Structures are given as structure tokens and as C-alpha cells.
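Structure, as C-alpha cells:
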Amino acid sequence: MTHKLLILPGDGIGPEIVAEALKVLQVLKHEFDFGFEAEQGLIGGAAFDVDGHPLPRATLDLARDCDAVLLGAVGGPQYEACPRELRPERGLLGLRYELGLFANLRPALLYPRLAAASALKPELVAGLDLMIVRELTGGIYFGEPRGIRTHNSGEREGVNTLSYRESEIERVARSAFDIAMCRDKRLCSVDKANVLEVSELWREVVQRVAADYPQVQLTHMYVDNAAMQLVRAPTQFDVLLTDNMFGDILSDAAAQLTGSIGMLPSASLNAERKGLYEPVHGSAPDIAGKGLANPLATILSVAMMLRYSLNEPELAVRLQTAVGRVLDQGLRTPDIYARGDQRASTAQMGDAVVLALREGQRE
Ligand code: IPM
Ligand code: MG
């Protein structure tokens with residue numbers, strides 16, 4: 001079986017972290033019998049520079065035609081002056097939208113060896129293992145009308161629209177319940193139902209879906225409280241379900257609990273389980289090209305790809321185990337470095353994962 005992959009390195013540190021993920025993929029191919037062929041494409045600023053658009057037609061065609069997409073990161077200060085619809089971020093948002101990738105999975109897992117890197121006290125994060133399921137193709141990110149309009153008085157007004165259809169809420173809720181079923185069977189739906197009608201409907205639909213999952217314990221929480229609980233007692237959560245914007249914000253907060261956003265992978269899935277896999281962190285232009293970036297979030301995104309889109313759960317576990325080993329060895333990129341650790345560059349980290357994979361195979 002040959003899987004078709006699309007590789008989109010993007011901007012900033014994107015190319016260097018994706019290069020390490022590709023090393024890993026090559027080893028899986030040649031030594032673990034993982035059949036794939038990969039095409040490379042342009043997205044974000046890198047695509048704008050060549051084609052004048054952050055999501056060129058050719059990239060979209062390749063994305064539609066493959067089984068899974070691996071993306072580095074998009075964005076950079078040099079594009080801030082571009083018109084909004086040509087900014088790198090629009091390439092990513094367009095890809096999510098065009099592929100119908102409505103379910104965004106963002107795990108926040110604490111590796112015990114990194115507890116000291118967490119912004120919280122070690123006893124608060126010990127055992128942290130939560131999954132944020134963020135709705136990704138609706139809500140205020142895509143609602144119409146949107147724009148900046150000018151009133152007769154000359155005063156300008158910015159407008160965005162928050163709206164969700166029942167069907168949009170229902171499908172992402174089902175994804176979250178399905179995931180909860182494979183974990184600790186606790187789902188907390190996060191909304192702002194004390195203020196927003198959209199949230200009222202969100203709650204109602206989530207409750208309706210819950211009837212099909214009697215084993216899952218469902219709770220609801222307002223987003224402000226959820227933000228507080230995440231930094232107060234994060235291990236109370238198993239699966240968090242929330243909308244596009246709340247999910248954007250809460251997932252960055254959750255990332256910091258694990259020590260470094262440089263460790264966190266993500267999956268964005270559509271109804272056919274085709275997926276876009278990308279690290280949660282951005283393009284980090286300030287450190288691009290210096291060998292300082294942590295490639296583990298991208299490598300762990302490959303593990304998610306193996307699990308969720310390519311039906312290779314065993315290889316996913318092998319890869320996750322290999323990453324755990326590298327951390328146990330004490331190798332650290334600067335974002336997770338603490339005194340006494342061994343400093344590693346982006347490439348050294350990737351090489352170490354490759355070695356750990358091979359060692360794991362011999363055992
Ligand atoms: C994320 C990012 C994106 C988002 C940006 C780059 C458009 O912050 O994936 O969380 O807001 O969704
Ligand atoms: Mg974000």
C-alpha cells in the first residue's frame with residue numbers, strides 16, 4: 001500500500017523542521033516497510049513570493065489528491081504589509097476550509113522529563129494528558145459578513161460574524177465524543193452560553209449528540225472559567241471540545257503547560273479522515289535558519305498522521321516512543337533546555353529520533 005503525501009514546508013522555521021520529519025519518513029519507508037510517495041508544494045509566504053498567492057491552485061490540487069498533508073508553518077514579518085487576503089495565514093485557512101478539515105485535534109501531553117520546563121509547578125502538571133478538539137472551518141474565522149466598513153461620518157467599523165449551523169456543531173461534537181471513547185471518556189464542552197446565542201445552540205446540540213455516547217461523561221464550562229481552570233488544575237481535563245476561536249486561544253495556553261509549544265503536534269481532519277498535520281507553533285522567523293527550532297512537534301505530527309489518516313497505529317506508537325527516548329537521553333533544543341541537559345540542534349534532534357527508531361526496532 002502506497003500512501004500519497006503532500007509536504008508543505010512553508011515559511012520561517014517550516015523548511016528546517018519539515019526536513020527532520022522527512023528524515024523520519026524516509027527511515028520508516030526503508031526500514032519499517034511504510035509505503036509512501038511524497039510531493040512538495042508551496043504555501044504561505046513562500047507561495048506568495050513565487051505565485052503571488054498564499055494558496056496556489058497547484059497546491060490545492062495536490063492537497064485534494066493526496067491522503068494526508070504535512071505542513072511546517074506559515075507567516076513572517078515581511079508579509080504584514082500584504083493585503084489581508086494575500087497574507088500567508090490565508091493560505092493555511094484556505095487549505096483548512098477547502099479540504100473541509102473541521103476537526104482540529106490538539107493534544108497537550110506532558111513528558112515527565114520536561115516537567116521543569118512547564119510554566120506551572122511540577123505538581124500541577126504531573127500526568128497532564130489532554131486533548132483539545134477545536135472546530136476549524138466555521139465560527140468567527142469564516143462568518144459573513146466580515147470586513148471593515150466606513151460610515152457616512154467617516155468613522156470605520158470592523159465586522160466579523162460568529163455563527164454555527166447545527167450540522168457544523170454536530171459533526172465536530174461527534175469527533176470529540178469518538179475521541180473521548182478512546183481515552184478516559186470525559187468530555188468538557190467549552191462555550192460562552194451565558195452571553196452568546198451561538199453557544200446556547202452549541203450546548204443544546206452537544207447534549208443531543210451525547211445521547212449516542214452514554215459512556216462518556218459530558219460537562220460544560222464557560223470559556224473564561226476554562227482558561228482559568230487550565231492554569232489552575234489542568235489535569236482535571238480529558239477531552240475539551242470548543243469552537244474555532246476559543247480553541248485557538250485555549251490551545252496556546254494548554255501548550256505552555258507542557259513546557260514548550262515546540263513539542264505539540266496537531267491533526268485537522270475532514271469527514272473522510274483525510275488530514276492536515278502541522279505543529280501547533282508558528283513560523284518563528286526570529287530563529288529561522290539557525291538550527292535552533294525544535295523539530296519534535298512536526299515529528300509528532302507525523303505520528304498523528306500515521307494514526308489518524310494512514311491507519312498505521314503501530315508505527316505511530318514506535319515514533320512516539322522514539323521521541324520519548326530522545327527526551328530521556330537528555331537531548332534538548334533551546335526551547336526545552338534546562339541546566340544539565342545536552343544541547344541539540346534541529347538536525348541533531350531529528351538524527352536522534354532516527355537512531356531511537358532503529359534501536360526500538362532491534363528490541
Ligand atoms: C493556529 C494559528 C492559526 C489560527 C493562524 C496562523 C491563522 O494561530 O493554528 O492556531 O488562528 O488558526
Ligand atoms: Mg493559534
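The values are calculated or read from the model by the stated rules, or taken from the named source; none is laboratory data. The shown structure was predicted, so the numbers you read here are calculated from the model rather than taken from an experiment. Note: ideal-geometry Cβ built from the backbone for every residue, glycine included; neighbour counts use all protein chains shown. Just the protein is used for accessible areas: all its heavy atoms, side chains included, with ligands, DNA and RNA removed. Shrake-Rupley method; radii C 1.70, N 1.55, O 1.52, S 1.80 Å.
Cβ-Cβ distance below 6 Å, separation of 6 or more or different chains: which pairs start in the range 247-260 with a residue that is more than 21 Å from Thr333 (Cβ to Cβ) and end on one that is more than 8 Å from ligand 2 (Cβ to nearest atom) and part of a helix (DSSP H, G or I)?
What qualifies is Ala253/Leu230.
Please pick out the residue among Val223, Val205, Val172 that is closer than 26 Å to Leu93 by Cα and away from ligand 1 (no atom under 16 Å from the Cβ).
Val205
For the range 121-168, which strands (runs of 3 or more DSSP E) that fit wholly inside it have 1 or more residues that are over 27 Å from Leu240 (Cα atoms) and not aromatic (Phe, Trp, Tyr)?
Because the criterion is at least 1 residues that are over 27 Å from Leu240 (Cα atoms) and not aromatic (Phe, Trp, Tyr), the strands (runs of 3 or more DSSP E) in the range 121-168 that meet it are 143-150, 156-161.
Listed residues Asn270, Asn225, Asn244, Asn294; which is under 23 Å from Glu314 (Cα atoms) and not hydroxyl-bearing (Ser, Thr, Tyr)?
Residue meeting the stated conditions: Asn270.
Which of the residues that make up the range 185-207 are free of Cβ contacts under 8 Å to residues at least 60 places away in the same chain and of a type in the set (Val, Ile, Thr)?
Result: Val195, Val198, Val205, Val206.
So if I check each of Leu355, Leu296, Leu315, which one is among the aliphatic types (A, V, I, L, M) and farther than 19 Å from Tyr277 by Cα?
Exactly one residue qualifies, and that residue is Leu355.
Report, by residue number, each residue of the range 226-251 that is small (Gly, Ala, Ser) and either within 16 Å of ligand 1 (Cβ to nearest atom) or over 24 Å from the mean Cα position of the chain (by Cα) (or both).
Once the filter is applied, which keeps residues that are small (Gly, Ala, Ser) and either within 16 Å of ligand 1 (Cβ to nearest atom) or over 24 Å from the mean Cα position of the chain (by Cα) (or both), the range 226-251 yields Ala227, Gly247, Ser251.
Within the range 17-116, considering only strands (runs of 3 or more DSSP E) that don't extend past its boundaries, which have at least 2 residues that are open to solvent by 40 Å² or more (accessible area, probe 1.4 Å) and of a type outside the set (Val, Ile, Thr)?
36-40
Checking Leu5 against (1) buried (at least 24 other Cβ atoms within 10 Å of the Cβ); (2) away from ligand 1 (no atom under 16 Å from the Cβ); (3) not in a helix (DSSP H, G or I): exactly one of these is not met. Which one?
(1)
Here's a check for you: in the range 136-155, which residue that is surrounded by 10 or more Cβ atoms within 10 Å (Cβ to Cβ) and among the charged types (D, E, K, R) is farthest from ligand 2 (Cβ to nearest atom)?
So, considering only residues that are surrounded by 10 or more Cβ atoms within 10 Å (Cβ to Cβ) and among the charged types (D, E, K, R), the one farthest from ligand 2 (Cβ to nearest atom) is Arg149.
If the Cβ limit is 8 Å and pairs must be 6+ apart or interchain, which residue in the range 60-83 that is without any contact (Cβ under 8 Å) to a residue 12 or more places away in the chain pairs with which residue that is within 16 Å of ligand 2 (Cβ to nearest atom)?
What qualifies is Glu80/Arg87.
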